[in-house]
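Reviewing the structure listed below.
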Amino acid sequence: MTQSVVVQVGQCGNQVGCRFWDLALREHAHVNKKGLYDEALSSFFRNVDSRKSDGSACGVGGRIQHLKARAVLVDMEEGVVNEILQGALSEVFDSAQLLTDVSGSGNNWAVGHMTYGSAYREQIVDKLRKAAEDCDCLQCFFLIHSMGGGTGSGLGTRVLSLLEDEFPEVCRIVTSVYPTAEDDVITSPYNSVLAMRELTEHANCVLPVENQSLLDIVSKIKHMSHGKPGPTIKRDSTIISGQGGLSEAEKPFDAMNNIVANLLLNITSSARFEGSLNMDLNEIAMNLVPFPRLHYLVPSLTPLYTLADVSVHTRRLDQMFSDAFSKDHQLIRADPKHSLYLACALMVRGNVQVSDLRRNIERLRTSLPFVSWNQEGWKTGLCSVPPVGHSHSLLALANNTCVKHRFMELRERFTKLYRKKAHLHHYLHVEGMEQSCFSEAITSLSSLIEEYHHLDATKGRFMQDSPRLSIAR
């Protein structure tokens, strides 16, 4: 069994990570009734014997002693990490996994990337190496961060480049939370575009998640919870209370963070549990990314409310597959059906047969425009363990040219600021930051958009198969 390490950077990254570990523990507790440290737990948790002074880990098969998350928590403010350490998950982390400062990055990419990235480089590398050394077979780093602030966008992307330098053979999957157009951080377009260049250069896969999409999903959930017909949600459910019954107080963004945490639960399900068609995490990049720079995968989830304390009518299996390709279930505002698919992965959980999977792919493929040279570009995974409280669920990851529209909006917001050189001095006074960084970042984004444009231009064209080589006699 392989292991993965989760790297949480900035306020958003640590809040989403906190929700992930909470939900993952509850999911394992639901499945693991015997209290044994099995291979499923070992993929994301160490089993530490607290009686031993060196804190060495216990092997698979023994009793659960003291679970520690395979994680590194980084933030240049202490607030969120301190809350985690004082909360119900405090025992899951120890000080060796944490790195904090007190002043924050001031919503400035340059401060996070240049200043803190240089000052804390060695400490970050040491913590990453320690986390890697605790793994028997390290397969993947999951990086969680936001794009709009300073620490998440700046230091988060600096950590990403360090991961590539130190562990070039280990897959790097990044979950990036993009700000809304009305974000209260005025410089978020600068931070996002500067971070985009780093993501394009150093990540193997990026799962873009938009705050606006999360807000829309949560508003639908709350609408259903106010006595409307259809699915109902208990008042203290984890989807509307971030602590999942651990605390009465609901914190800002907790409901949104739960949605992202469920994305991570589903994408890691094959790494944690058995299944008839297990999908290796490395296979995501290998099968879904035909061009190295075009590695932005549109995620969609169904059902959206995969929590035990949410009472949702079970969706028919065929309807679940249809939902996965509807705009309402996507974590980014886009319409893949009117753009071009380069590849698509379907990660199914629960008692679903391979025949059901194939039947639904055949049913849907006529309405999904795939690039002419990859008409069979489907990757499928079947995990036998469903989400808690549900019979089945589906995560779709689509490499689709529709993401260019979000990138074009981001470029437009960047240009409005940059044309007037607004707030530029806040960045240029940071040591190591030059105005060329801005021009290079926007050039990189424009080049990425142009690559998607070129692919979109081939839509509707069908290339004939090349004649096969014949063996000379």
| task | Please verify whether the range 172-181 includes one or more residues that are surrounded by fewer than 24 Cβ atoms within 10 Å (Cβ to Cβ) and in contact with a His (Cβ under 6 Å, 6 or more places away or on another chain). | result | no
| What is the number of the single condition among (1) crowded, with 18+ Cβ neighbours inside 10 Å; (2) of a type outside the set (Gly, Ala, Ser); (3) at pLDDT below 95 that residue 147 does not meet? | (3)
| request: Would you please list the contacts, defined by Cβ atoms under 7 Å and residues six or more apart or on different chains, that run from a residue in the range 426-443 that is more than 21 Å from residue 416 (Cβ to Cβ) to a residue that is aliphatic (A, V, I, L, M) and part of a helix (DSSP H, G or I)? | output: 430/110; 430/111; 430/114; 431/114; 432/114
| said: Can you tell me which condition residue 135 does not meet? The list is (1) within 28 Å of residue 262 (Cβ to Cβ); (2) touching a residue at least 40 places away in the same chain (Cβ under 8 Å); (3) not in a loop (DSSP other than H, G, I, E, B); (4) not hydroxyl-bearing (Ser, Thr, Tyr), and all the others hold. | reply: (3)
| remark: When the range 293-331 is checked residue by residue, the ones that are among the aromatic types (Phe, Trp, Tyr) and modelled with pLDDT of 85 or more are 296, 321, 325
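Could you check the range 400-422 and list, in sequence order, the residues that are polar (S, T, N, Q) and open to solvent by less than 40 Å² (accessible area, probe 1.4 Å)?
Filtering the range 400-422 for residues polar (S, T, N, Q) gives 400-401, 415.
Once the filter is applied, which keeps residues that are polar (S, T, N, Q) and open to solvent by less than 40 Å² (accessible area, probe 1.4 Å), the range 400-422 yields 400, 401.
Every residue, every condition in (1) open to solvent by less than 60 Å² (accessible area, probe 1.4 Å); (2) modelled with pLDDT of 95 or more, yes or no:
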| site | (1), (2) |
| --- | --- |
| 8 | yes, yes |
| 22 | yes, no |
| 30 | no, no |
| 34 | no, no |
| 37 | yes, no |
| 53 | no, no |
| 63 | no, no |
| 75 | yes, yes |
| note | Looking across the range 272-305 at residues that are outside any loop (DSSP other than H, G, I, E, B) and open to solvent by 10 Å² or more (accessible area, probe 1.4 Å), the single one that is nearest to residue 379 (Cα to Cα) is 287
| task | Sort out which residues of the range 64-87 are part of a loop (DSSP other than H, G, I, E, B) and over 19 Å from residue 47 (Cβ atoms), and write them in order of number. | result | 76, 77, 78, 87
| task | Could you tell me which residue of the range 423-473 is surrounded by the most Cβ atoms within 10 Å (Cβ to Cβ), considering only residues that are at pLDDT 95 or above and of a type in the set (Gly, Ala, Ser)? | result | 441
| Failed condition for residue 347, given (1) surrounded by 14 or more Cβ atoms within 10 Å (Cβ to Cβ); (2) part of a helix (DSSP H, G or I), with all others met? | (2)
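So which residues in the range 161-193 are within 27 Å of residue 424 (Cα to Cα) and either touching a strand residue (DSSP E or B) at 6+ places or on another chain (Cβ under 6 Å) or basic (Lys, Arg) (or both)?
Across the range 161-193, the qualifying residues are 176, 177, 178.
Can residue 332 be described as outside any strand (DSSP E or B) and under 29 Å from residue 256 (Cα atoms)?
Details: outside any strand (DSSP E or B): yes; under 29 Å from residue 256 (Cα atoms): yes.
Spelling it out, residue 332 is indeed outside any strand (DSSP E or B) and under 29 Å from residue 256 (Cα atoms).
Would you check if there is a residue in the range 41-60 being in a helix (DSSP H, G or I) and out of contact with any Leu (no Cβ under 9 Å at 6 or more places or on another chain)?
From the range 41-60, those in a helix (DSSP H, G or I) are 41-42; that's our starting set.
Keeping just the survivors that are out of contact with any Leu (no Cβ under 9 Å at 6 or more places or on another chain) gives 42.
Within the range 41-60, one or more residues are in a helix (DSSP H, G or I) and out of contact with any Leu (no Cβ under 9 Å at 6 or more places or on another chain).
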| query | Looking at 138, 99, which one is surrounded by 19 or more Cβ atoms within 10 Å (Cβ to Cβ) and closer than 30 Å to residue 424 by Cβ? | reply | 99
| query | What residue, of 88, 69, 57, is in contact (Cβ under 8 Å) with a residue 60 or more places away in the chain, over 30 Å from residue 389 (Cα atoms) and surrounded by 13 or more Cβ atoms within 10 Å (Cβ to Cβ)? | reply | 57
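Looking only at residues that are among the hydroxyl-bearing types (Ser, Thr, Tyr) and assigned to a strand (DSSP E or B) in the range 157-189, which one is nearest to the chain's Cα centre (by Cα)? It would help to see each step written out before you state the result.
From the range 157-189, those among the hydroxyl-bearing types (Ser, Thr, Tyr) are 157, 161, 175-176, 178, 180, 187-188; that's our starting set.
From the residues that got through so far, the ones that are assigned to a strand (DSSP E or B) too are 175-176, 178.
Numbers: 175: 3, 176: 6, 178: 12 Å.
Going through the qualifying residues, I end up with 175.
Any chance the range 155-165 includes a residue that's open to solvent by 10 Å² or more (accessible area, probe 1.4 Å) and among the polar types (S, T, N, Q)? Working first, answer last.
First, the residues of the range 155-165 that are open to solvent by 10 Å² or more (accessible area, probe 1.4 Å): 158, 161, 164-165.
Subset that is among the polar types (S, T, N, Q): 161.
Yes, the range 155-165 has at least one match.
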| message | Being aliphatic (A, V, I, L, M) and modelled with pLDDT under 80 is the requirement here; does residue 249 meet it? | response | yes
| message | Quick test of your reading of the structure: residue 378 fulfils all but one of (1) open to solvent by less than 10 Å² (accessible area, probe 1.4 Å); (2) within 30 Å of residue 447 (Cβ to Cβ). Name the failing condition by number. | response | (1)
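The values are calculated or read from the model by the stated rules, or taken from the named source; none is laboratory data. Keep in mind that this is a model prediction, so the values were computed, not measured. Cβ coordinates were reconstructed from backbone atoms using ideal geometry, including for glycine residues, and neighbour counts include every protein chain displayed. Ligands, DNA and RNA are stripped out before the accessible areas are found, and what is left, the full protein with its side chains, is counted by its heavy atoms. Shrake-Rupley method; radii C 1.70, N 1.55, O 1.52, S 1.80 Å.
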